[in-house]
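Accompanying notes for the structure given below.
Throughout, read-outs are computed from the coordinates displayed, never taken from laboratory work. Model, not experiment: these values are computed from the prediction. Note that each Cβ is placed from the backbone with ideal geometry, even for glycine, and that neighbours are counted across all protein chains shown.
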Amino acid sequence: MNQDLLRIVDSIARDKNIEKEAVFLDIEASLLSAARKFYGETEDVLCTIDRMSGEIAVRKNGTLIDYREFGRIAAQTAKQVLIQKLREDERGSIYEEFSERKGQIITGTVSRTDGPVLTVNLGRCEAIMPRSEQIPGETHHIGERLRCLILDVRDLGNQVKIILSRGHPDFIRRLFELEVPEVQEKIIEIKTLAREAGYRTKLAVSSIDTKVDCVGACVGVRGSRIKNIVDELGGEKIDIVRWNESSQVLITNALKPAEIVEISLNFELNRATVVVKEDQLSLAIGKRGQNVRLAARLTGWDIDILTPEEYSKGLDDLEKAMRTLEGVDDKFLDRLVALGIINLLDLEEVGTEPLIKELELPPELAEKMLSTAREAAKRVAEEDAARKAAEEAAAAQKAQADAAAAAEAAKLAEAQAAAAPPETAGSDAAETAADIAPAAVAAPGATESGAAALARGETPPAAGDSGAQSPATGPTLATSGAGSA
């Protein structure tokens, strides 16, 4: 019995995660290649291995031969064929394993960086994480352990290409499944999710058990569960909102913390017009429009944010235009607004079909309404442009007037400075002289004219000895000079 061969086959199958039968077939194929290399391609050669004993049998034309006589060249051929066959089997095993794990989280170690692309060692193989799938702002070093999502697995023939991601929205979904048992057990369902990797994520959750608070369970006690996820994402903000079948309620929840005044839904355009107060406008829109953008992706609606003034102006313009048509009354306008048509542009975009189907209008009247709305919208746009131009012109004139006033004030200040007396310009010297004068007057032999000279900042006359000093020497020198006199 060839026990060494059996142990080697078992070890290879276990290390490379391939079937033992596949390893036996690879060895048989390599021996067959060696035999044909030694005897020639035309010869009838058969190689078999006993799966129980490990005995190798090579037959040529039905006659058993000794494969040890094949020589060095044939043995080298067998080695190359065996390595190639084993690599193919391992590649197939890797592709099958990671294809089944596609969409799941895996932990690997950063092995190297090729420019912006990270290479992550997964144990049996290596995978790559392109820059587009990384979280913006994150930096990684060699040897760091990462949790990533298996985004895609591709068989390229000579290798298996595994693409990882940390920026995909499903990465957040899988992290919640790991951290929140209720999500893993399907008690809490993540209905929809919108993400801008590295900045903010919004997800809507619901619970099939009325006793389980879906939002509270995802946050955890004192935020313990959500904190683990935020730490894994490097501080990315996560907003958890409660799912609701009503689009209006869902949009209201998605735009929190902003307070909503009114929501108008246009099902034809799939557009939601949200009215918020002036002080809530920045909250609703968010930094660089992030809040409203994520809310739109979360709810599936195009969201327009308006102030009450803008909303009222649109309704007024619509009413003025429609009042010119015969048969248009308050009831008809209410039905028009109920369709989500709140301004002239909405009516122009909707077209005639909803008016005919929903409001049961004659096609001629619908066309007339549409043309009237188009003309009114053009007129309103021209009026708004003229008003804006007038405001800009007024602002420019005011800026010019302010600049002229500033220039005039500067000229006046220069004139006043030029007309000031010389004593003002020499105030520093006068202050110095005022400090020196008392000591000079108190000194013996100092005259009244000398004190006056010091007060003017001039050099006083000599006191009759070497102790009289100039003002620059200061009071101390003047006193010592008087003492020596």
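Criterion applied to Ile128, Ile150, Ile190, Ile162 was being free of Cβ contacts under 8 Å to residues at least 24 places away in the same chain and assigned to a strand (DSSP E or B), and the one residue passing it is Ile190. Of all residues in the stretch 363-384, those that are without any contact (Cβ under 8 Å) to a residue 24 or more places away in the chain have Cβ atoms under 9 Å from Cβ atoms of residues that are among the charged types (D, E, K, R) and in a helix (DSSP H, G or I), 6 or more apart or on another chain, in Ala366/Glu353; Leu370/Glu348.
I want to confirm something. Restricting to the stretch 193-227 and keeping residues that are part of a strand (DSSP E or B) and charged (D, E, K, R), which single residue is surrounded by the most Cβ atoms within 10 Å (Cβ to Cβ)? Write out each step before concluding.
The initial filter retains those residues of the stretch 193-227 that are part of a strand (DSSP E or B), namely 193-196, 200-207.
Checking which are charged (D, E, K, R) leaves us with 195-196, 200, 202.
Values: Arg195: 23, Glu196: 18, Arg200: 18, Lys202: 26.
Going through the qualifying residues, I end up with Lys202.
Within the stretch 228-249, can one find any residue that is part of a helix (DSSP H, G or I), touching a Lys or Arg at 6+ places or on another chain (Cβ under 7 Å) and under 30 Å from Leu345 (Cβ atoms)?
As a first pass, look at the stretch 228-249 and keep what is part of a helix (DSSP H, G or I): 228-232, 247-249.
Then drop every residue that is not touching a Lys or Arg at 6+ places or on another chain (Cβ under 7 Å), which leaves 232.
From what's left, under 30 Å from Leu345 (Cβ atoms): none.
No, the stretch 228-249 contains no residue that is part of a helix (DSSP H, G or I), touching a Lys or Arg at 6+ places or on another chain (Cβ under 7 Å) and under 30 Å from Leu345 (Cβ atoms).
Being within 30 Å of Ile106 (Cα to Cα), without any contact (Cβ under 8 Å) to a residue 24 or more places away in the chain and part of a helix (DSSP H, G or I) is not true of Gly289.
Could you list all residues from the stretch 250-259 that are part of a loop (DSSP other than H, G, I, E, B) and out of contact with any helix residue (DSSP H, G or I) (no Cβ under 7 Å at 6 or more places or on another chain)?
So the first thing to find is which residues in the stretch 250-259 are part of a loop (DSSP other than H, G, I, E, B), and the list is 255-259.
Lys256 - this is the single residue of the stretch 250-259 that is part of a loop (DSSP other than H, G, I, E, B) and out of contact with any helix residue (DSSP H, G or I) (no Cβ under 7 Å at 6 or more places or on another chain).
Here is the figure for the stretch 273-296: residues that are buried (at least 18 other Cβ atoms within 10 Å of the Cβ) and over 15 Å from Lys256 (Cβ atoms) total 2. With respect to being surrounded by fewer than 16 Cβ atoms within 10 Å (Cβ to Cβ) and either without any contact (Cβ under 8 Å) to a residue 60 or more places away in the chain or not in a helix (DSSP H, G or I) (or both), Gly103 fits the description. Look at the stretch 248-259: where a residue is over 16 Å from Trp301 (Cβ atoms) and a partner is assigned to a helix (DSSP H, G or I), sitting 6+ places away or on another chain with Cβ atoms under 7 Å, you get Pro257/Leu283; Glu259/Gln280. Does at least one position in the stretch 31-39 carry a residue that is at negative phi, in contact with a Leu (Cβ under 6 Å, 6 or more places away or on another chain) and surrounded by 14 or more Cβ atoms within 10 Å (Cβ to Cβ)? No - not one qualifying residue is present in the stretch 31-39.
Every test in (1) crowded, with 16+ Cβ neighbours inside 10 Å; (2) closer than 22 Å to Ile172 by Cα; (3) out of contact with any strand residue (DSSP E or B) (no Cβ under 8 Å at 6 or more places or on another chain) is passed by Leu318 save one, and that test is (2).
Being buried (at least 20 other Cβ atoms within 10 Å of the Cβ), part of a loop (DSSP other than H, G, I, E, B) and under 19 Å from the mean Cα position of the chain (by Cα) is the requirement here; does Gly167 meet it? If you could, list the steps in order and put the result at the bottom.
On the way: buried (at least 20 other Cβ atoms within 10 Å of the Cβ): yes; part of a loop (DSSP other than H, G, I, E, B): yes; under 19 Å from the mean Cα position of the chain (by Cα): yes.
Yes; evaluated as a whole, the condition is true for this residue.
Could you run through the stretch 128-157 and say how many residues are in contact with a helix residue (DSSP H, G or I) (Cβ under 8 Å, 6 or more places away or on another chain) and under 30 Å from Glu88 (Cβ atoms)?
Initially, the stretch 128-157 is screened for residues in contact with a helix residue (DSSP H, G or I) (Cβ under 8 Å, 6 or more places away or on another chain), giving 147-151, 153, 155.
Then drop every residue that is not under 30 Å from Glu88 (Cβ atoms), which leaves 148-151, 153, 155.
Going through the stretch 128-157 one residue at a time, the tally reaches 6.
Asp213 fulfils the conditions (1) touching a helix residue (DSSP H, G or I) at 6+ places or on another chain (Cβ under 8 Å); (2) farther than 26 Å from Asp152 by Cα except for a single criterion, (1).
Residues are listed down the side, and each one gets a yes or a no for (1) surrounded by 14 or more Cβ atoms within 10 Å (Cβ to Cβ); (2) over 21 Å from Asn266 (Cβ atoms); (3) of a type in the set (A, V, I, L, M, F, W, C):
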site: Met322; (1), (2), (3): yes, no, yes
site: Lys331; (1), (2), (3): no, no, no
site: Ile341; (1), (2), (3): yes, no, yes
site: Ile356; (1), (2), (3): yes, no, yes
site: Leu361; (1), (2), (3): yes, no, yes
site: Glu364; (1), (2), (3): no, yes, no
site: Glu367; (1), (2), (3): yes, no, no
site: Ser371; (1), (2), (3): no, no, no
site: Ala389; (1), (2), (3): no, yes, yes
